[in-house]
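See below for the structure under consideration.
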Amino acid sequence: MTVNVVDLPLGNGFYIAESLPVSSQLCTNMYPNYPETQGISQAQLYPSPGIIELTTTGPQPEEANRGAYEFSGNAYFVNGNRLYFVDATGNQTDLGFIDGSGRVSIADNGTQMCIVVPSTGIGYIYDKTNGLQQITDTDFTANGNAEIVVFVDGYFVFTTASKRFFISNLNNGLVYDALDFGSAEADPDIIRSAHVHKNQLYIFGSQTIEVFQNVGGVGFPFQRISGFVIPKGITSPFSVAEFDNTFCFIGQGANETPRIYAFTGSGVQEISHTAIESLLQQSTTLEDTFVFTYSFRGARFIGWSGQGGTIIYDSKASALGGKKVWHQRTSSNVEGSTRWRISSLITAYDKLLVGDSVDGRIGVLESDVYTEYGNNINRVFRTITLENNSMPAYFGYFEVIAETGLGLPDNTDPLIGMTYSDDAKNYISTRYRSAGKQGEYSRKIRWQQLGRTSRWRIFEISMSDPIRWVINKITMEIQS
C-alpha cells in the first residue's frame, strides 16, 4: 500500500462546473490570499469582513437602501423615499423626498449632486446652499426620461430609453436645452447605460459601446470617435464601474450569453470564467444587478450583487495566482435570497460604509468584526475533486491548519465542520472539531479514519462562530 500526504490548493476560489465531479469548488464568505513571499502554502483563506451598525433610518423593508454616494467628503444615502446626509459618527439629516422605488443613479459636478430615478425619469439636484430641488426645466424630459447620469467636462450626461442621450447646461444641473442631445448610431440597439473613463464618454447599448469626446465649439459638444465601436453591450445598467485603472461591466454581444468584461483600451477581455458565466446565464434578475468596488488588506475587489447572489472578483489574487479568482458572499438572514445583504458601498470618513437591502440600516465594514449586525456569518470552502487514477483510495486523515486558540468570549470552543461526498451530490452528516479555546494555539483540527472511496472524493469545511477564521493549509493522507 502506498501512503501519500497531499496539500490541497486553497487559491482557486469559486468554481462550480456543469458536471459537479469535475469541480464543485465553493468559496463563500472567505477569499483566497496569495502571499508575496514564501509561506507554508501557496495561498490561504481569509475571512470576509463583518458589518457594524453606524445608524438606521428605520426598521421596515420600505426603508431599504436605493443607492449611496460620497459628495465633497460626505456620505449620502437614499433610503426608502428620503435622501439622508450621514456624518462620521452616524448622525443623520433628512434632506427631502426622492420619488419612486428601485435603485437610483447619482453623479456630481463638484458643487451639485444629481440624483435620477430610472423608474420615473424624475431628477433632483442637491447642493449645500439650496438643499434638494427637483429638476423642473421642461427641456429635461424633451429627449425622453432620464435613466442613468454621469458627469464629464462640466456637464451632467443622461441616458434615455431610446437612441438619445442629453446633457445639462455647463456646471448647472437645473438648466437644459432641448437641442443638447446626442445619439448612438453605429448600431440599432437601444442605449442602456453610460460611463466616463479617462475623460471620455462611453455610451453603452444593449449590444455595442460607442465612445464620445468633448470637442467644444458651438452646439452639442460631444462627438463620437470615428471607428471606436466595441461589439459588446451592457446587460445590467448599474453593472459598470471603474476598477484597477480600467472599467468592468456585465455585458454580451449579439447572440451571446452574459459575461463580465474589463476594458483593455481598444476592446474588452473576459474576467469571468465559465462557472461565473453559468451563474449569469441562469439568473433571472440580471437587470437589477449592481456593482461595487473596494480594497481590503491588500486585496482589490469588484463585485456584482442581485437577488440571484453576490460574486466578487479579486484582481490582486488573480494576478498573483495566474488564474481568475472569484468568491461568493451571502448573508444568513436575508430571507429567500443567496445574496450579500448590502445594497451600496462607498468610502467616506476613512470608512467603508454600506447601505442595506433589508431595512434602513447603514453600516461599516470592519476587518476585526466577524458578524453582520450581530448575526453569524456562514463561511464555506469546498475542495477540488480528489481521485486516484480511477482506483479506490483510503483516507487516513484530513487536517485543517488554521489560526487556532482564539476562543469565544464565553471561553467555549469555536467549531469547524467537515463533510465529504463520494459522488459530488450527496454529503455525509457534518462532523465538528474544536478550533481551540482562548490560548490553545497548538490545537490540531483533524478528522481521522475517513474510509474508502471507489472513484473520487470532495471535502467541505464550514464555520460560523464569530472569530477570525484564517485557513493556512489543508493537508490529508491518502492510501492506495
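The values are calculated or read from the model by the stated rules, or taken from the named source; none is laboratory data. Predicted model only: the values in this text are computed from it and were never measured. Cβ sites come from the backbone with ideal geometry, for glycine too, and all protein chains shown count toward neighbours.
Quick one: L83 ticks every box in (1) buried (at least 18 other Cβ atoms within 10 Å of the Cβ); (2) assigned by the TED database to the domain that holds I401 except a single one, so which number is it?
(2)
Pull up the stretch 424-438, narrow it to residues that are within 21 Å of G396 (Cβ to Cβ) and of a type outside the set (F, W, Y), then point me to the one that is nearest to the chain's Cα centre (by Cα). Give the derivation first.
Looking only at the stretch 424-438, we keep the residues that are within 21 Å of G396 (Cβ to Cβ), and these are 427-434.
Applying the additional criterion that residues be of a type outside the set (F, W, Y) yields 428-431, 433-434.
Values: I428: 32, S429: 32, T430: 30, R431: 32, R433: 32, S434: 32 Å.
Within the stretch 424-438, the match that is nearest to the chain's Cα centre (by Cα) is T430.
Going through the stretch 109-119 one residue at a time, which ones are part of a loop (DSSP other than H, G, I, E, B) and among the β-branched types (V, I, T)? Don't jump to the end; show me each part of the working.
Quick first cut of the stretch 109-119, residues part of a loop (DSSP other than H, G, I, E, B) only: 109-112, 118-119.
Within the stretch 109-119, just T111 meets the criteria.
Do any residues in the stretch 431-460 that are in the same structural domain as E399 (by the TED database) have Cβ atoms under 6 Å from those of residues that are basic (K, R) and assigned to a loop (DSSP other than H, G, I, E, B), where the two are at least six apart or on different chains, and which pairs are they?
G436/R443
Of the conditions (1) under 21 Å from I225 (Cα atoms); (2) in a loop (DSSP other than H, G, I, E, B), F158 fails just one. Which one is it?
Failing condition for F158: (2).
Residue by residue, here is whether (1) outside the structural domain of I311 (by the TED database); (2) modelled with pLDDT of 95 or more; (3) over 22 Å from F158 (Cβ atoms); (4) not in a strand (DSSP E or B) holds:
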residue	(1), (2), (3), (4)
E210	no, yes, no, no
V218	no, no, no, yes
S226	no, no, yes, no
P237	no, yes, no, yes
E242	no, yes, no, no
I250	no, yes, no, no
A254	no, no, yes, yes
A262	no, yes, yes, no
Q269	no, yes, yes, no
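When the stretch 9-65 is examined, which residues are found to be buried (at least 19 other Cβ atoms within 10 Å of the Cβ), farther than 22 Å from A402 by Cβ and among the polar types (S, T, N, Q)?
S23, T57, N65
Can you tell me which residue is nearest to I98 (Cα to Cα) among those in the stretch 144-179 that are polar (S, T, N, Q) and within 33 Å of the chain's Cα centre (by Cα)?
N145
If you check G73 against the conditions, is it at pLDDT below 95 and loosely packed, with under 15 Cβ neighbours inside 10 Å?
Details: at pLDDT below 95: no; loosely packed, with under 15 Cβ neighbours inside 10 Å: yes.
Against the criterion (at pLDDT below 95 and loosely packed, with under 15 Cβ neighbours inside 10 Å), G73 does not qualify.
Can you go through A194, A178 and tell me which one is assigned by the TED database to the domain that holds T138, out of contact with any strand residue (DSSP E or B) (no Cβ under 6 Å at 6 or more places or on another chain) and not charged (D, E, K, R)? Write out each step before concluding.
Numbers: A194 fails: out of contact with any strand residue (DSSP E or B) (no Cβ under 6 Å at 6 or more places or on another chain).
Being assigned by the TED database to the domain that holds T138, out of contact with any strand residue (DSSP E or B) (no Cβ under 6 Å at 6 or more places or on another chain) and not charged (D, E, K, R) holds for just one of A194, A178, which is A178.
Answer with yes or no whether E287 is more than 16 Å from T338 (Cα to Cα), free of Cβ contacts under 8 Å to residues at least 40 places away in the same chain and in the same structural domain as I342 (by the TED database).
no
Output the number of residues of the stretch 120-146 satisfying the condition of being surrounded by 15 or more Cβ atoms within 10 Å (Cβ to Cβ), assigned to a strand (DSSP E or B) and small (G, A, S).
Adding up the residues that qualify gives 2.
For the stretch 162-212, give me each residue that is closer than 30 Å to N130 by Cα and of a type in the set (A, V, I, L, M, F, W, C).
If the condition is that a residue be closer than 30 Å to N130 by Cα and of a type in the set (A, V, I, L, M, F, W, C), then F165, F166, I167, L170, L174, V175, A178, L179, F181, A194, V196, L201 are the ones that fit.
Given (1) surrounded by 16 or more Cβ atoms within 10 Å (Cβ to Cβ); (2) without any contact (Cβ under 8 Å) to a residue 24 or more places away in the chain, identify the lone condition not met by G265.
(1)
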